[in-house]
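Asker: Quick one: the structure is below, questions incoming.
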Amino acid sequence: MTGPREPMTLDGGTVRLRPWRLRDAEQLQAACDDPVTAHFMAQMPTPYTMDDARWWITEGSLADWQAGGASWAVVDPVTDEVLGGAGLSHLQEDRRQAEVGYWVAPWARRRGVATAVTRAITDWAFGTLGMIRMELFTVPSNAASQRVALAAGFTREGVRRGASTRRDGSHGDYVAFVRLASDPPGPVPPGLPDFPGGELTDGRVRLRRIAAADAEDYFALAELPEVARSNVGGPTTLDGVRERCACAEADWLAGARATCVILDADSGAFAGEIGLYYHERFLQQAILGYALRPEFRGRGFATSAARLLSDWAMEQADVVRVVAGTFPYNEASRRVLERAGFELEGTLKARLPVRDGTRVDDIQYVRIAEKHR
């Protein structure tokens, strides 16, 4: 069993981790009453009051130390301003592993605070406590925290299904990141690289990662009869689309999928969506799929999007083969692919399931990276 631990201070370079003090109560209350903090820290009361802050400082945080863990105020090493909170928990001495956690005040975000905190706690756990495995968990929609994990040298290990408890009492998943004492300090590259400058464009269309704000446009597109007919994934709901959009960056960081919106470069209007599915990394093969709103069809938008995304995949993501399949009846999609530089490769008989329970052929096109042609 882990015994009580005496509160102590850690030097994290750009941050300092020290025990909480009563004079921190006002900043603690303001930070924890922030809607983003409340959303991702479901165990915290909401609204978060001064009484909650004082209880945490005088009782809650001290209980963590008494249980053998650690709980710190994260502060500016010069001004002592509160920047966030952090802790070490779930110590298993027999396995020599523990979990690191943190939150960042709204006025301190996008300054590298969480990354510095995670590195400081992890290095202390490895060097002083003798841990050999450190874990970090985030909900799938918290891409910012997943980027912190990668920057701090943690590798994405997988998904713990049903391991998180939401504020309404329901259960959701955790994305698990792990760093071993024998691992290099980082950073760990994301599964798929970001677009240079955040988007791809050829002057006709712009591609950017899909976001939560795109859910209704994406859902309306998916509900079009001709699009729904080609959706081999089954029926789509608005809630399901919202979740997919909220977790799109996590899929990108995992290297599983790059889902993008297609925008009219002139007006910025939502024209459609395009996705790259990278489920065959060992073979360096990805699958391309897309759909357009009717008013943007026949204007070269799909061709531009398919060429832009496949170029990026081959030049930036080390993909060798980009495959795109079409239904036998979809001659327009085949013309799009041919104009985008794809070649007809063959027909996979009865490969695609459709909603009536039958299966149809998949007519496949491929684009191969130039150095492997």
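The values are calculated or read from the model by the stated rules, or taken from the named source; none is laboratory data. If you're wondering where the values come from, they're calculated on a predicted model, not measured in any experiment. Because the Cβ atoms are built from the backbone with ideal geometry, glycine has one as well, and the counts that use them run over all protein chains shown. The accessibility values were calculated without ligands, DNA or RNA, using every heavy atom of the protein model including side chains. Shrake-Rupley method; radii C 1.70, N 1.55, O 1.52, S 1.80 Å.
Asker: Could you list all residues from region 299-326 that are assigned to a loop (DSSP other than H, G, I, E, B) and either within 13 Å of Glu338 (Cα to Cα) or open to solvent by 40 Å² or more (accessible area, probe 1.4 Å) (or both)?
Answerer: Filtering region 299-326 down to residues assigned to a loop (DSSP other than H, G, I, E, B) leaves 299-300, 317-320.
Matches in region 299-326: Arg299, Gly300, Asp318.
Asker: Exactly one of these conditions fails for Tyr290: (1) aromatic (Phe, Trp, Tyr); (2) in contact (Cβ under 8 Å) with a residue 24 or more places away in the chain; (3) more than 23 Å from Ala220 (Cα to Cα). Give me its number.
Answerer: Every listed condition holds for Tyr290 apart from (3).
Asker: Would you point out which residue out of Ala286, Ala246 is touching a strand residue (DSSP E or B) at 6+ places or on another chain (Cβ under 9 Å) and on the phi < 0 side of the Ramachandran plot? Outline the logic, then answer.
Answerer: On the way: Ala246 fails: touching a strand residue (DSSP E or B) at 6+ places or on another chain (Cβ under 9 Å).
Exactly one of Ala286, Ala246 is touching a strand residue (DSSP E or B) at 6+ places or on another chain (Cβ under 9 Å) and on the phi < 0 side of the Ramachandran plot, namely Ala286.
Asker: Six or more apart or on different chains, Cβ under 7 Å: which pairs go from a residue in region 35-50 that's modelled with pLDDT of 90 or more to one that's in a helix (DSSP H, G or I) and of a type in the set (S, T, N, Q)? Could you list them?
Answerer: As it stands, the answer is Tyr48/Gln29; Thr49/Gln29; Met50/Gln29, since those pairs meet every condition given.
Asker: Further, regarding this structure: Name the residue, out of Ser304, Ser230, that is among the polar types (S, T, N, Q) and in contact with an Asp or Glu (Cβ under 9 Å, 6 or more places away or on another chain).
Answerer: Details: Ser230 fails: in contact with an Asp or Glu (Cβ under 9 Å, 6 or more places away or on another chain).
When all the criteria are applied, what remains is Ser304.
Asker: Do we find that Ala269 is on the phi > 0 side of the Ramachandran plot and touching a strand residue (DSSP E or B) at 6+ places or on another chain (Cβ under 9 Å) in this structure?
Answerer: Details: on the phi > 0 side of the Ramachandran plot: no; touching a strand residue (DSSP E or B) at 6+ places or on another chain (Cβ under 9 Å): yes.
Answer is no for this residue.
Asker: Identify the residue in region 20-66 that is farther than 19 Å from Ala144 by Cβ and among the small types (Gly, Ala, Ser) and, among all such residues, is surrounded by the fewest Cβ atoms within 10 Å (Cβ to Cβ).
Answerer: Going through the qualifying residues, I end up with Ala63.
Asker: Mind checking which residues of region 117-142 are open to solvent by 10 Å² or more (accessible area, probe 1.4 Å) and either assigned to a strand (DSSP E or B) or closer than 30 Å to Ala213 by Cβ (or both)?
Answerer: Correct list: Arg133, Glu135, Phe137, Val139, Pro140, Ser141, Asn142.
Asker: Taking region 149-184 only, how many residues are within 28 Å of Arg111 (Cβ to Cβ), of a type in the set (A, V, I, L, M, F, W, C) and either touching a residue at least 40 places away in the same chain (Cβ under 8 Å) or in a strand (DSSP E or B) (or both)?
Answerer: Selection size over region 149-184: 7.
Asker: Here's a follow-up. Looking at Phe177, Phe195, Phe154 in this structure, which one is open to solvent by 10 Å² or more (accessible area, probe 1.4 Å) and of a type in the set (Phe, Trp, Tyr)? Talk me through it step by step, then tell me what you get.
Answerer: On the way: Phe177 fails: open to solvent by 10 Å² or more (accessible area, probe 1.4 Å); Phe154 fails: open to solvent by 10 Å² or more (accessible area, probe 1.4 Å).
Criteria check complete, one pass: Phe195.
Asker: Could I ask something else about it? Which ones in region 236-249 are buried (at least 23 other Cβ atoms within 10 Å of the Cβ) and in contact (Cβ under 8 Å) with a residue 40 or more places away in the chain?
Answerer: Glu249
Asker: Do you know which residues across region 199-224 are open to solvent by 60 Å² or more (accessible area, probe 1.4 Å), closer than 16 Å to Leu238 by Cβ and among the charged types (D, E, K, R)?
Answerer: Glu216, Asp217, Glu223 - these are the residues of region 199-224 that are open to solvent by 60 Å² or more (accessible area, probe 1.4 Å), closer than 16 Å to Leu238 by Cβ and among the charged types (D, E, K, R).
Asker: Same structure again: Scan region 96-115 and tell me whether some residue there is hydroxyl-bearing (Ser, Thr, Tyr), open to solvent by less than 30 Å² (accessible area, probe 1.4 Å) and free of Cβ contacts under 8 Å to residues at least 60 places away in the same chain.
Answerer: Yes, there is a match, as at least one residue in region 96-115 is hydroxyl-bearing (Ser, Thr, Tyr), open to solvent by less than 30 Å² (accessible area, probe 1.4 Å) and free of Cβ contacts under 8 Å to residues at least 60 places away in the same chain.
Asker: Name the residue, out of Leu91, Leu83, that is surrounded by 14 or more Cβ atoms within 10 Å (Cβ to Cβ), in a strand (DSSP E or B) and in contact with a Gly (Cβ under 7 Å, 6 or more places away or on another chain).
Answerer: Details: Leu83 fails: in contact with a Gly (Cβ under 7 Å, 6 or more places away or on another chain).
Every option except Leu91 fails the conditions.
Asker: Still on this model: Output the residue which, of all residues in region 204-237 that are part of a loop (DSSP other than H, G, I, E, B) and among the hydrophobic types (A, V, I, L, M, F, W, C), is modelled with the highest pLDDT.
Answerer: Quick first cut of region 204-237, residues part of a loop (DSSP other than H, G, I, E, B) only: 204, 210-211, 224, 230-237.
Subset that is among the hydrophobic types (A, V, I, L, M, F, W, C): 210-211, 224, 232.
Details: Ile210: 97, Ala211: 94, Leu224: 93, Val232: 66.
Across region 204-237, the extreme among qualifying residues is Ile210.
Asker: In this structure, is Trp20 on the phi < 0 side of the Ramachandran plot and outside any loop (DSSP other than H, G, I, E, B)?
Answerer: Working: on the phi < 0 side of the Ramachandran plot: yes; outside any loop (DSSP other than H, G, I, E, B): no.
Against the criterion (on the phi < 0 side of the Ramachandran plot and outside any loop (DSSP other than H, G, I, E, B)), Trp20 does not qualify.
Asker: Within region 332-362, how many residues turn out to be open to solvent by 30 Å² or more (accessible area, probe 1.4 Å) and either free of Cβ contacts under 8 Å to residues at least 40 places away in the same chain or part of a strand (DSSP E or B) (or both)? Write out each step before concluding.
Answerer: Quick first cut of region 332-362, residues open to solvent by 30 Å² or more (accessible area, probe 1.4 Å) only: 332, 334-335, 338-339, 341, 343-345, 347-351, 353-361.
Among the residues that remain, those that are also either free of Cβ contacts under 8 Å to residues at least 40 places away in the same chain or part of a strand (DSSP E or B) (or both) are: 332, 334-335, 338-339, 341, 343-345, 347-351, 353, 356-361.
Counting residues in region 332-362 that are open to solvent by 30 Å² or more (accessible area, probe 1.4 Å) and either free of Cβ contacts under 8 Å to residues at least 40 places away in the same chain or part of a strand (DSSP E or B) (or both) gives 21.
Asker: Also, quick follow-up: So, in region 261-287, how many residues would count as being in contact (Cβ under 8 Å) with a residue 24 or more places away in the chain and under 19 Å from Val336 (Cβ atoms)?
Answerer: Total satisfying the criteria: 13.
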